[in-house]
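Below is one structure; the comments refer to it alone.
A short reminder: the numbers here are calculations on the coordinates, not readings from a lab. Just so we're clear, the structure is a prediction, and the values are computed from it rather than from any experiment. Don't worry about glycine lacking a Cβ; one is built from the backbone with ideal geometry, like all the others, and counts go over all protein chains shown.
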């Protein structure tokens, strides 16, 4: 113990106040509804996430935690699909780029051709004005 500190005060800091220990523990917040009637979209989410096999299996009321879990599962599945599509798109672009190189097409050559065409059009328009 440190000097000058009352022992009763220091012990009081380690003990829970009596008022809190007498209250019953809360299992749920008072604002939560025990059951939630799922909408058509939420029923589809529950089916796609694999929580239920058939639409007939879904009960009238479902807990909000179950719906949130289904939405989270769908978010993860959609992110996996997006990752796969991104990788597939990259592979397709690499293949198309290699084919363009074999045909001697490149962004530099395309740009040079466009600029030459613009110069020709500019010289035609100036010669037509004169």
Say each of residue 84 and residue 54 gets a label point 7 Å from the Cα, pointing the same way as Cα to Cβ; how far apart are those two points in nm? 2.7 nm
Report the FRET efficiency, 1/(1 + (r/R0)^6), for residue 101 and residue 125, where r is their Cβ-Cβ distance and R0 is 35 Å, rounded to 0.05. 0.50
Given 10 °C, 1.306 mPa s and a Kirkwood radius over Cα pairs, the Stokes-Einstein diffusion coefficient of the stretch 32-111 in µm²/s is 99 µm²/s
Using the 10 angstrom Cβ neighbour count as an exposure proxy, how do 121, 42 rank, fewest first? 121, 42
Run the simple label-point estimate for residue 116 and residue 36 please: 7 Å along Cα→C-beta, distance reported in nm. 6.4 nm
